[in-house]
Structure formats: C-alpha cells, structure tokens
Amino acid sequence: MSFQIKKDNLIKWSLLLAAIFLTVLFLLGITYLVFDYKFRDKIYPGISIGSVNVGGLSSGEAISRLNKKVDSINQSGVVFSYFNQETVFFPIVHSLESDLAYQVADYDIEGAVAKAFNLGRINTLNKNTLENIINIFKKRNIPIIVTLEENQVEKFLNDNFSHFSTPAKDAKLISKTDNSNTSFDIVKEEYGQVLDFKKALIDLKNNLSNLDNSKIPLAVNASYPEILVADCLNINAKANRLLNRLPFTLRHQNNEWLMDKNRVLPWLTLKKINNEIAVGLDLATTTDYLEKTIAPKINIEPIDPKFEVTDGKVKEFQIAREGTILDASASADLLEKTLLFASSTDVELIVTSKKSPFNADSINEFGINEIIGTGHSNFSGSPKNRRHNIAVGAATVNGTLITPGEEFSLLKTLGNIDKAAGYLPELVIKDNKTVPEYGGGLCQIGTTVFRGTIESGLPVTMRRNHSYRVSYYEPAGTDATIYDPWPDYRFVNDTKNHILIQSRIDGDNLYFDFWGTPDGRVATHTYPTIYKIVKPGPTKIIETVDLKPGEKKCTEHAHNGADAYFDYEIIYSKDNPPADIKDKTEITDEDYIKKTRFKSHYVPWQEVCLVGMEKKTGTSTEEKLITN
C-alpha cells in the first residue's frame, strides 16, 4: 500500500513539474513574442556600433545618431602626438566656397546599421533566441567599415612630424677625380629612428571604425642601414669596371644621347645585387635625368578625339593624336642592366604609344541621333576663378564619346587638374591654414554630369555628395563631388550605342547634353526630401602665429547640417533589357526595373576663425569657443 502511495505521489509531482515546466515555457514564449513584437522594427538591445549604443533604435534613428557622432569627430578632429608636439588632423578639407570639400574618411554607416538590425533575425528561431539572450548580457559591438584616403593622412603626418625622424643612412660611395684619374672611397653607414606612420594609419582606422577620436601617440622604430662598410669588398675595382664600359649611347628612332663618364659618375651608388654589395646606378637620380632632359624631346601627349553634332551628323572637331611617352623608370633600369651584364654599349629607350580607339571614317555609324538627357546647374554668384575653372572643365568634357559598355570616369576625362591645364587656384583649409589648390568649381561639372546621367536613364556606379550643403547645387541631395584622386564620379553606358556629351554655358547656367539613341527605357526620379536640419555649433577661435597679433581671419563659414534623399528608377524595355537579365533563369517584370535611392548627409559646420598671437598659449590644438 505504501508503494502505491509513493507511486501516486511520484505521478502527482511529475505532473506538477511538467505543468510548471510547460507554464514557464509558455511564459517564456509569450515573453519572447512580446519582446520580438516590441523590437520588430528596431535593433535588438545589447548592440552597439562603435562607441554608440543602438539597441532599441530603428535603422533610421541609428543612422541619425551615428551621423551625429561622425559629425562631432569631423568637428573636433583627431589629435596625433609625439614627444612635446600635438597636432589636430581634421577628416574634412574644404575651401572657403566649400566647393573643394572632401572627406578623408568615409564611413559605411548604413552597412553597419543593416548588420546590427539583422543580428538575431537571420538564423533559425533557436539560434536567434540564443543570440538575443547573449547580446543582452554580453553586449555586442559592431565596428564600422572605414575607407581612408591614406595618402592624405600620410602627407599630414609627414608635414607635421617628419622632423622627428632620422632615417638610417647606408654606406655611401664617393668619388674623387684628379687629373682624369678617378678614385673611390666609402662613407660609413649611420643608424637612425623613424616614426611609424603605417601604425598611425592603422590606429586611426581602428579608432574611427569604433567612432573613437582618442589621441593617437606616434610610435618610433629603429632604422637600420642595409649596406655596411664591412660588407663592401673590392669596391674600387667594381666602380672602375663600370666606368671603363663608358661611353654609352641612348637611342630612340633617329635621336642619340651620349652618356659619358662625367654624366654617369654622379649616378654610381652602392646597392645589393644577388645578395652582394655591388656598384650600380642610383635609379631615382637616373630616372630624374631622363625625365627632365630626354623625355621632353620624346614625349608627345596623346589627344583624344572630340566630337560634336552638326546638321544631324557627328563630326570630329578635335583630331586624335597618337601619344608617345618615354618610360623613364623602365629605361633607367634597362640602362643599369646593360651596363652591368651586357656587352652592348647601346640602349634603346623604352617608349610607349597610345592610339585612339575611334576611327574617324566611321563616326556617323556610332548611333548618335538625338539628346537622351540633359543635366543643368546654376553657378550664379561664383567668383572669377571659379567661373574660369567651370569653363575650362566644361570645355574638357565637351565632345567626350563613351563606347557601349564603357564606364565613364570624370576624373579620367578631366585629366590633370593644374596650372598647365589652364585652371586657377582656390584657397582651401588644411591644418588651420589657407593654402592654394587647383580644382575649385569642378564639382559644378560633377554635379551637372550626375544630373545628366539621371535624366538619361544611365546607371551610376560612383557618386559622393559634398560634405556641406552648397548653394550652387540646390536642391540638396542632387550634387556630386569630385577631388583628384578620390572621390570620382562614374556611370556606365549600358546602351548598345555610343553616347556623346556636349557642354553649353548660357549666362550662369551650365548644361551637359547627352546624345545617343533612345532604346525604350524610361527613367524617373523624385524631388529630393530634405530633413533633419541641424544648426552649426558656436564659432571656433584658433590661435595661430601665422597672422599678426590680434589679426582675425575667418577661414570656414558656418553651414547647416541636413540629410536628403531622392529615388531614381529605370524601367528597361523588353527589347533592350538590362545586362544582368541574361544570367536569370526565370525573368519577371521586376527584373526590368532598377531602383536606386541616392542618400546624402551634410555635416553641420561651425564658423572657424584664426586669431594671430605672438606666441601660442598652448599646443597647436588649443582653441576657444565663442557664441555666434
């Protein structure tokens, strides 16, 4: 009987435990469903992007908060330090007109937010639940992918800190000529130290990817020479052996240049060849001589053809010319190899040529029949230099022919942006100083070509908005900035015919007409939505010894921040479908539609003024804030 009681009690307890377990499981399920419903349009809790907690935020709210943090970093900059020097690096450079504004650091904020939003959503129910629980207690941080214009950062570090570096010096070959007799001696090597700019770049990128603008102390590395006096054996004999090979003759077509002892002797240097110390040519010095002395007599800059539509026909108004360019570096290397290892005393210079891909006889077969789209912008109020540069840039782009399937690059089309190309300088702000740079006004070209691309229904492959909202490019969100070497503006001619770009300037209005052949596509775009207007902060006063004491010079104007977007849609015809449709096994009507949302974020920027001081009261980073 007691056995039966125990059995009944066991059953009761088992049923009770089962009921409790099922109740708990039910409550957990209800809790998770409530939790999941509450965060259905939001990032789950416990997730941060860089130093910013985005848990509980919608994607739009997270993007807005991250942009605000990035704007703050852009305003305050990042301090690099070494020994007793601190210098602020600002990730944005711009001109007084804001037209040359570009960002040295590009943040993939939308990608990071998308990744944060998908955490706890893209796996099975069990894995998602486990991941969300772990995120709440462990916290999850997602770094932002940051693209740095490393050349600009390295230039900044070199300009401000290179005087702390003393690179090692290799043992050096020196010569002495007395009564036509040449003898050689060796100067002993020197050890040194250099600042590690590569590590500074890595630290900067890591910090920015976590939205951290903490001070970055520069590291120093020992610098060791590669060529030591102790390893230099029989140098006199090796050097004289090379001199005895002279003179040499450099040739190209019917031109000759004699390289005698007096010319070549300064080029001789110690170097490692096949793991032994030998005497060879200083290739940098040799290349420099070839570029400055011989290249001007060989080089013929290539000229691309330019076309225009006259009386319904495409005509070439700028005749193509084949280019001839001396490859000075390769020629110097060939000269050294010949001098060291060959028996010949002649060197045929390495020259490259470039031919135009267009045949003038077939230009009327390019399929250019009518205007398929026109880009327009207004540059009213532009100063003289800016107007001049717009005219030069428009003339350079005018007549450009784009082959079917070709990706158009605006920077490539513009070529060198310098004084030789006819451009005038504009003042830009770098390291709290105004310095001249070429290219002011060319973003008017970029913006107008971008608008012409949209009106023509062509796919855009690279476009960046300006860092600031610029009056020349209203409405906001329809601009495109360019700066050599990055960012570029690009689009693809995905039609089956050539596209010809022609420019027009009418008063203060710039136009780019895209000529081609309509293929049935229809392109539409919405008017930009502009939102989240942000007022700039108070004026920033920076002390400088570059101005007279008490003199004030405002280098940066105040700009409101804002966000903007517009939607762009291309509907291709069934007769001329988009290129990627051929890779699909099942084709729907949606495959003929390509949608793009162009988003722009404009940084709120405070006015910045320099004030002259006899001596700074603090480091180069010291600043004072005053109310606007």
Open item on the list: For Cα extents along the principal axes in Å, pick the label among (1) 127, 76, 66; (2) 165, 86, 64; (3) 70, 57, 53 that corresponds to the value derived from the coordinates.
Closed with: (1)
TODO: Straight distance only, please: which lysines reach the Cα of Lys496 with their own Cα at less than 16 Å, same-chain residues fewer than 8 apart left out?
DONE: Lys574, Lys582
TODO: Pull up all non-local amide H partners of Gly56: gap of 5 or more, or a different chain, and H-to-H distance under 5 Å with H placed in the peptide plane.
DONE: Ile43, Tyr44
Task: Debye, to nearest 20: dipole size of the stretch 366-626, +1 on Lys, Arg Cβ, -1 on Asp, Glu Cβ - done: 800
TODO: Kindly write out, for the stretch 377-394 in residue order, the coupling ³J(HN,Hα) from the Karplus curve 6.51 cos²θ - 1.76 cosθ + 1.60 (θ = phi - 60°), rounded to whole Hz, with x marking Gly and Pro.
DONE: 8, 10, 10, 4, x, 6, x, 4, 4, 5, 4, 4, 5, 4, 5, 5, x, 5
TODO: With unit charges on the beta carbon (Lys/Arg positive, Asp/Glu negative), name the residue among Ala421, Leu195, Phe566 whose Cα is farthest towards the positive pole of the charge dipole of the chain.
DONE: Leu195
Open item on the list: Can you give the FRET efficiency to the nearest 0.05 for Ile300 and Asp196, using r as the Cβ-Cβ distance and R₀ = 35 Å?
Closed with: 0.20
TODO: Could you work out how far the C-alpha centroid of the stretch 271-286 sits from that of the stretch 141-193, in angstrom?
DONE: 17
TODO: Name the cysteines of the chain that stand alone by the Cβ rule: no other cysteine Cβ under 4.7 angstrom.
DONE: Cys232, Cys443
Task: For the stretch 252-263, Karplus couplings with θ = phi - 60° (6.51, -1.76, 1.60), whole Hz, Gly/Pro x - done: 8, 6, 9, 9, 9, 10, 8, 9, 9, 4, 4, 6
Open item on the list: What lysines does Lys384 reach when the alpha-carbon gap must be under 17 Å and sequence neighbours fewer than 8 apart in one chain are set aside?
Closed with: Lys419
- [ ] Give me the lysines in straight-line cross-link reach of Lys337: C-alpha distance below 26 Å, same-chain residues under 8 apart excluded.
- [x] Lys169, Lys172, Lys176, Lys238, Lys261, Lys271, Lys272, Lys292, Lys297
TODO: Would you pull out the residues with amide H under 5 Å of Gly537's amide H, same chain only if 5 or more places away, H placed 1.01 Å from N?
DONE: Gln606
Open item on the list: Projecting each Cα onto the charge dipole of the stretch 131-259 (Lys/Arg +1, Asp/Glu -1 at the beta carbon, about the Cα centre), which of Val146, Asn240, Ala230 comes out farthest on the positive side?
Closed with: Val146
TODO: Give the Rg (one decimal place) followed by the Dmax (whole number) of the stretch 196-317, computed from C-alpha coordinates and expressed in Å.
DONE: 25.7, 78
Task: For Val104, distant residues with modelled amide H under 5 Å away - done: Ile92, Val93
TODO: May I ask you to derive the relative contact order of the chain, considering only C-alpha pairs under 8 Å and at least 6 residues apart, and to give it as an integer percent?
DONE: 11
TODO: Just subtract the alpha-carbon distance of Tyr224 and Phe317 from 0.36 nm times their residue separation and send over the number in nm, one decimal.
DONE: 27.7 nm
- [ ] Evaluate the relative contact order of the stretch 199-308 (contact order divided by residue number), counting alpha-carbon pairs under 8 angstrom at least 6 apart; express in whole percent.
- [x] 17
TODO: Read phi for every residue in the stretch 195-209 and hand back ³J(HN,Hα) as whole Hz from Karplus 6.51 cos²θ - 1.76 cosθ + 1.60, θ = phi - 60°, with x for Gly and Pro.
DONE: 5, 8, 6, 5, 5, 4, 5, 5, 4, 4, 5, 5, 4, 5, 5
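Just so you know, all these numbers are worked out from the coordinates, no wet-lab data involved. Because the structure is predicted, anything quoted here is derived from the model rather than measured. Cβ sites come from the backbone with ideal geometry, for glycine too, and all protein chains shown count toward neighbours.
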